[in-house]
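Participant: Dropping a structure here in structure tokens format, bear with me for questions.
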Amino acid sequence: MSDVTSRPPGGPAAAGSGGGLKANALRMGDVVIMALASSGPTQSIAVGIVGLMLAVYYHTFMAILICFIPMIGIAIGYQRLNAWQPSAGATYSWVGRALNPHAGFFAGWIMLMYYTIGTTSLTVPLGTYFLSFFSNSAANDKYWVALVGSIFDILVLIVAALGIKLSARFNWGWAIFEYVLMIGFAVAAIVMIYFTGLSGSVHTLSSLFTLPRTGLMSGILIAIFLYSGWDTAAYVGEEAKGKQAGRAAILSVVILFFIYSFVIFAFQGIAPFGTMNANQANILAFVGDKIGGGFWKNVMIVAVLGGTLASLQAAIVSSGRISFAMGRDRVFPKFFDNVHPRWRTPWNATILLGLLNVVFLWGTTLFSSIGHALDNIVSTLGLMAAIFYFLTAFTAIWYYRKVITKGAGNFILGGVLPGFGAAFMAFVIVYMLVTGQFTTTNLVFGFGLALVGLILSFVSKGVGHAKFYSDPTTSFGDKVEAAFENPEPPSDGFGL
């Protein structure tokens with residue numbers, strides 16, 4: 001594998017210790033697997049299936065389908081922006097250079113909060129499922145859960161710090177096992193429901209294309225959370241061969257749609273609604289036991305553990321690279337612009353953000369019950385994801401605005417689909433605000449932390465005087481604007 005190091009977009013090689021990230025380290029399959037791991041179908045279902053059912057009852061497929069259409073448009077926006085400029089900062093870099101530096105910092109901050117606070121929704125199930133092997137009481141003890149989750153967090157932090165190729169191999173190992181297992185259980189659940197006559201369930205095929213009478217927007221916010229994470233493909237763009245990270249993002253969204261649609265539809269019908277709700281803390285263990293008995297319950301627990309570990313590791317990879325890109329541009333302290341000379345990973349950023357995950361885990365766990373914490377975190381993450389997905393899709397349209405009318409393909413792929421994705425995310429945010437469906441936790445962690453990021457951007461400009469805010473080669477300005485006159489769109493739209 002080549003030892004060539006990547007260069008930050010629009011500037012010289014990284015000035016931090018150790019040089020730049022390792023270029024051409026990942027194949028397209030590696031990037032797809034890392035994106036899927038970050039979204040974490042297994043752990044996301046474990047955390048979100050009951051909340052989704054509480055919102056839309058048995059009409060989960062419609063919430064997932066409605067989200068898929070704008071999400072694929074946003075993924076196309078990612079692909080087109082990655083074709084312009086692969087960057088470890090992704091949305092942070094694109095928004096900052098194409099729209100406004102402060103908007104870019106704001107996007108980067110939101111993404112960091114997503115991948116840092118978001119790990120709480122990963123480490124809590126890790127502790128719960130692992131402890132359930134030994135003691136049900138320990139699995140419901142928030143202190144034991146936090147302790148075990150912290151140990152797992154440190155273990156995957158070590159994997160993330162020791163090289164992107166090791167991280168990819170780690171994700172490959174668990175992906176094959178957990179996806180085969182989840183699809184196999186889903187098939188077994190369908191057979192159990194429709195061929196053996198499962199009693200006590202109102203699960204029917206007619207619910208597939210029926211809109212729920214209430215709770216659709218809450219369900220959509222949870223569905224956004226289920227999909228979110230695939231954008232990890234963009235953060236490893238500088239380390240991927242060619243410009244395959246954008247293509248991997250699109251493929252990841254398509255795969256996630258099929259996994260979530262089939263698996264959640266199958267699992268939601270294996271027991272009455274009330275029973276599912278009563279077992280929400282360890283719902284997939286309950287599913288495994290219901291379908292195959294005690295042995296398969298334990299196998300399902302192992303799958304959740306492995307999938308969650310892979311997802312947690314991908315989240316640390318993402319946050320490390322985003323903060324590295326911001327440190328490289330000097331909008332964050334130079335401390336973050338440090339690449340290990342051997343492993344070619346953003347060493348300081350990865351370690352600091354990984355340990356910060358532990359802090360958030362303990363803070364959340366100590367002040368709330370496990371179930372209540374999960375509900376709050378999931379909704380907050382959906383809000384944060386909606387914000388930075390909106391910014392990315394809008395930026396993709398803005399950057400290619402001079403060429404999206406040059407041909408039907410460019411108009412649909414460069415304008416209509418990303419535009420619909422941006423409009424959808426904006427609508428979800430505004431609707432939830434106007435109708436008062438955000439909880440206090442949503443507002444404090446979602447908008448409150450977002451506001452802190454905007455304030456920090458102005459502080460960064462005033463204190464650090466980073467060129468990102470003024471130099472046209474690294475931010476919005478004359479040279480970037482001149483590039484808009486003849487931007488180079490992806491050669492074939494999807495780039496597939």
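Values quoted throughout were computed directly from the atomic coordinates according to the rules given, and no laboratory measurement underlies them. Just so you know, these numbers come straight off a predicted model, no measurement behind them. Every residue, glycine among them, receives a Cβ derived from its backbone with ideal geometry; neighbour counts consider all protein chains shown.
Participant: Any idea what the relative contact order of region 28-483 is, in percent, if you count C-alpha pairs under 8 Å spaced at least 6 apart?
Facilitator: 33
Participant: Averaging sequence separations of C-alpha pairs under 8 Å and six or more residues apart, then dividing by the length of region 297-348, give the relative contact order as a whole percent.
Facilitator: Numbers: 34 pairs, mean separation 10.6, N = 52.
Computed over region 297-348, the figure is 20 percent.
Participant: Treat each spin label as a single point 7 Å out from the Cα along the C-beta direction, and report the Trp398 to Thr440 distance in nm.
Facilitator: Once both label points are built, they end up 3.5 nm from each other.
Participant: Taking H as built 1.01 Å from N, whose amide H comes closer than 5 Å to the amide H of Asp471, not counting residues under 5 places away?
Facilitator: Those qualifying (amide H under 5 Å, at least 5 residues apart or on another chain) number zero.
Participant: Follow-up. Rounded to the nearest 0.05, what FRET efficiency do His465 and Tyr431 give with R0 = 56 Å and r taken as the Cβ-Cβ distance? Could you check? Don't skip to the answer; put the middle values down first.
Facilitator: Numbers: r = 40 Å, r/R0 = 0.71.
The pair His465/Tyr431 has a calculated efficiency of 0.90.
Participant: Let me ask something additional. Short version: ³J(HN,Hα) in whole Hz for each residue of region 127-136, in order, from phi by Karplus 6.51 cos²θ - 1.76 cosθ + 1.60 (θ = phi - 60°), x for Gly and Pro, what are they?
Facilitator: x, 4, 5, 5, 5, 5, 5, 10, 7, 5
Participant: Using 1/(1 + (r/R0)^6) with R0 = 35 angstrom and r between the beta carbons of Ala408 and Leu155, what's the FRET efficiency to the nearest 0.05? Could you put the intermediate results ahead of the total?
Facilitator: On the way: r = 50 Å, r/R0 = 1.43.
It comes out at approximately 0.10.
Participant: Between Ala423 and Leu451, what is 0.36 nm times their sequence separation minus the Cα-Cα distance? Round to one decimal in nm. It would help to have the intermediate numbers written out before the result.
Facilitator: On the way: separation 28, 0.36 × 28 = 10.08 nm, distance 2.16 nm.
Gain in length upon complete extension: 7.9 nm.
Participant: List, in the order given, every pair from Lys142/Lys290; Lys165/Lys241; Lys334/Lys467; Lys22/Lys334; Lys241/Lys334 whose Cα-Cα distance in the structure shown is over 23 Å.
Facilitator: Violating the 23 Å limit, Cα to Cα: Lys142/Lys290; Lys241/Lys334.
Participant: Something else: How far, in nm, would the chain grow between Leu366 and Arg213 when pulled straight, counting 0.36 nm per residue and subtracting the alpha carbon separation?
Facilitator: Additional length available on full extension: 51.5 nm.
Participant: A further question on this structure: Can you pull the Kirkwood radius for region 63-147, inverse mean 1/r over Cα pairs, to one decimal in Å?
Facilitator: 15.8 Å is the Kirkwood radius here.
Participant: Describe numerically, in nm with one decimal, the distance between label points set 7 Å from Cα along Cα→Cβ at Phe177 and at Val416.
Facilitator: 4.5
Participant: Let me ask you something else. Could you pull out the chymotrypsin sites (Phe, Trp or Tyr not before Pro) across region 315-358 that fall in loop regions by DSSP (anything but H, G, I, E, B) with no more than 15 other Cβ atoms inside 10 Å?
Facilitator: Listed in order of number, the matching sites amount to none.
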